[in-house]
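Just so it is clear, none of the values below were taken in a lab; they were calculated from the coordinates. Not measured: the values here are computed from a predicted model. Glycine also receives a Cβ, built like all others from the backbone with ideal geometry; neighbour counts cover every protein chain displayed.
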Amino acid sequence: MSLLSLAANLPAASPDAAPQEWVMLTLVWIALPLLAGFSVALWPRLGRYLALFIALLSLSYGVGQWLQPLPQTLQLLDNFGVLLQIDDLSVQFIWLNSLVLAAVVIYCWPSSKRAFFYTQMIILHGSINAVFICADFISLYVALEVIGIAAFLLIAYPRSNRAIWVSLRYLFVSNTAMLFYLVGVILVYQAHGSFAFSGLLGAPVEATALIFLGLLTKAGVFISGLWLPLTYAEADPPVSAMLSGVVGKAGVFPLVRCALMVEEVAPILLSLSLGTVLLGVTYAILEQDARRLLAVSSISQVGFVLVAPAAAGFYALSHGLAKAALFLAAGNLPSRDLVKLRSQPLSPQLWSVLALGSLSISGFPLLSGFGAKAMTLKQLSGWAEIAMTVAAVGTAIAFAKFLFLPVQWGRADPQTQPQTQPQTQPQTETPAAPAQLQPGFWGAMVVLIGGLFAANGLHLELYTVNDLTKALVIIAGGWLAYGLVFRHLQVALPRVVEEFENLIGVMSLVLVGLFWLAIQQNLGPVL
Amino acid sequence: MFALALPMSVLAALMLATILFGFFGIIFKQNLMMKIIAMDVMSTGVIAYYVLVAARTGWATPIVSGVPPGAYADPVPQAVILTAIVIGFSIQALMLVGVMKLARDNPTLESREIEKSSTP
């Protein structure tokens, strides 16, 4: 009953201190996934049921909080203790987390995933939730490390040599970054005697640089995110959906929250997000591998989330849902190679899912990607707005690759496909996969694509003639550029920057860059 | 005691140097096992730095007793780093299990070779 005693010891001093029942509910909501995760080890058959239950619980908690007066803050123990805060931003991230978990569990329902898989899923979900409501650096550290471990186990789940190497590489990069983060955290503590996010202001500049290095690496921003293409592309499709949909967001969220709390941080994030958007878009336009394209596009979309902290929640929600759907759909493509796919017609069902996801990320009206993009661009001005608009056109170009894949309309029955394809494509490495999609796939798509339509309804005020025209011009421009130029362009970017040692080495460069950016902003004294 | 005689700033510099040595070890050591040990060196530096920050107010252990309070060490960074030690240790254990699995097909554990054979 430590929960009860924790809640009983609360100081009621803070002006917007939360009511007791809210406190209990929040603590139970944080603790329950961890409890459920370990219970799965005892009752392996309950795995998927418990996972789905936890997802629904989180969703109802998120909706319940949305109806409450926000923000609510909660200080556990003392001013050295745990600071929790839930606001509009957290609510949208919590929705995303629960919807993606629900979709992934439904997707894996018919498969023979073992209890261990669901244990990790539930624990991952719980620790990501903890990130979304915490407001101090130490709770964040613990949650991020648990996320790292759970993600490692999920990536390594197939236990092939490649899976183990990719997961080891992921854990190595993330743990090294978190060691730098820890040094930054103690500098904040030394300056203020507390671990709260607001302590970035007035702490030494080094603290900001070190903490941001950790978070940027976790979130996959700019060149710190170069570990991400290989990891996302090689993991199992449901795991990639989780990684790209929510695990990356666990690094983004604290950055956004810091930017909202400490104004001086926002300009640092602005320049970083412009860098990451342009880097990711360039990679995505030139990429010919379907799953790597989705992965590098995550690098650029993270920039859209970070560039306007006020619109971050909604953008993250739209992107996470669309990207999870795309990763699940891409896992069912007959080939990963987009060039091969152009001579291998897709089934209309699979194409429609790919198309809806791509349209949402490109910012097409009626899907929540439109509102998110309009809201983000509205927050910007001057050259930042121009750069982001260019990046939006680039996104439309990259996702046109999915939209304009050939589709086998009319011939619905899948038996004809395997017979015709080997004749036209004798050298394909994978014999044309059956176009039969599992029922779990459709359940997942109902959740994710339905979520995209529903989230669109949250911000109907964004549908103005001006914004609609802008979005359509951006998309049409992207498609035109794709048809005229980029469809025929084949440039292979060198992958040497993605080698393990370079991923670690790049941290020193990012650290220097961050230090320089932080000095510009007069955040605090230099040590 | 020798360590006590050194000023705080020198100690801090030594600990930050440990962190850097570990960091460069991760980059320059070829063997995957050595890379993991280098990461451990790095985390040792971080832990030592926390202990140093905790000691900036004094050395005594903060225990409530009849003895009048002296200059005692800050317990908060110590408590926090204890958590980090446990986490670091479990991550290390997981990594070693991964390395054990990889060692079956790559007995030399050279990271470049493993990377070459397991990236598409």
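Please state the equivalent ellipsoid semi-axes for chain A: what are the square roots of 5 times the Cα gyration tensor eigenvalues, largest first, in whole Å?
Ellipsoid semi-axes (Å, largest first): 36, 27, 22.
Among A:Ile449, A:Ile285, which comes first, then next, by fewest other beta-carbon atoms within 10 Å?
A:Ile449, A:Ile285
Students often check this: by mean Cβ neighbours within 10 Å, which of A:215-228, A:355-368 ranks highest, and how do the rest follow?
A:215-228, A:355-368
Shape call for region A:111-169 from the C-alpha gyration tensor, a ≥ b ≥ c root eigenvalues: rounded (a/c under 1.5), prolate (a/b greater than b/c) or oblate?
Taking the square roots of the gyration eigenvalues as a ≥ b ≥ c, region A:111-169 is oblate.
Quick one: work out the % antiparallel among DSSP beta bridges in the protein assembly as shown, nearest 5.
Within the protein assembly as shown, antiparallel bridges account for around 75 percent of the total.
If you wrap a convex hull around the C-alpha atoms of chain B and split its volume per residue, what is the figure in Å³?
135
Taking chain A as the reference, fit the longest principal axis to its C-alpha atoms, fit the long axis of helix A:47-67 to the helix C-alpha atoms, and give the angle between the two in degrees, 0 to 90, nearest 10.
60
Just tell me how shielded A:143-153 is by partners: mean number of partner chain Cβ atoms within 10 Å of each residue's Cβ, no decimals.
2
Dividing the Cα convex hull volume of region A:170-300 by residue count, how many Å³ per residue is that?
90
Could you work out the mean count of beta carbons from other protein chains within 10 Å of each residue's beta carbon in A:158-168?
5
Between A:Ser381 and A:Trp442, take the C-beta separation as r, use R0 = 35 Å, and let me know the FRET efficiency to the nearest 0.05.
0.25
Go through A:287-295, A:186-194 and give me the packing order, highest mean Cβ count within 10 Å leading.
A:287-295, A:186-194
Rounded to the nearest 10 degrees, what's the angle between the helix A:248-261 long axis and the longest principal axis of chain A, both from Cα atoms, 0 to 90?
In chain A, helix A:248-261 runs at an angle near 40 degrees to the longest axis.
Is there a quick way to get the dipole size of chain B? I mean about its Cα centre, with the Cβ of Lys and Arg at +1 and of Asp and Glu at -1; what is the value in debye to the nearest 20?
100
Which order do the peptides A:374-385, B:37-48, A:331-342 take when ranked by the mean count of other beta-carbon atoms within 10 Å per residue, highest first?
Put in order of decreasing packing, that is B:37-48, A:331-342, A:374-385.
Below 8 Å, C-alpha to C-alpha, sequence gap of six or more: please give me the relative contact order for chain A in percent.
16
Taking the alpha-carbon distance from A:Lys401 and a cut-off under 24 Å, which lysines remain once sequence neighbours fewer than 8 residues away in the same chain are dropped?
Leaving aside lysines fewer than 8 places away in the same chain, those within reach of A:Lys401 are A:Lys323, A:Lys340, A:Lys373, A:Lys470.
Using a 10 Å cut-off around each Cβ of peptide A:175-184, what is the average number of partner chain Cβ atoms that fall inside?
Averaged over the peptide's residues, the number is 6.
Once label points are set 7 Å from the Cα along Cα→Cβ at both A:Leu260 and A:Leu484, what is their separation, rounded to one decimal in nm?
4.1
Using the basic label-point model (7 angstrom from Cα toward the beta carbon), what is the A:Asn522 to A:Phe53 distance in nanometres?
5.6
What does the C-alpha gyration tensor say about the overall shape of region A:48-144? Classify as rounded when a/c is under 1.5, otherwise prolate if a/b is larger than b/c, or oblate.
Oblate is the answer for region A:48-144, as a/c is 1.5 or above yet b/c matches or exceeds a/b.
Tell me the label-point distance for the pair A:Val491, A:Val339, using the 7 Å Cα-to-Cβ offset, in nm and rounded to one decimal.
Distance between label points: 1.6 nm.
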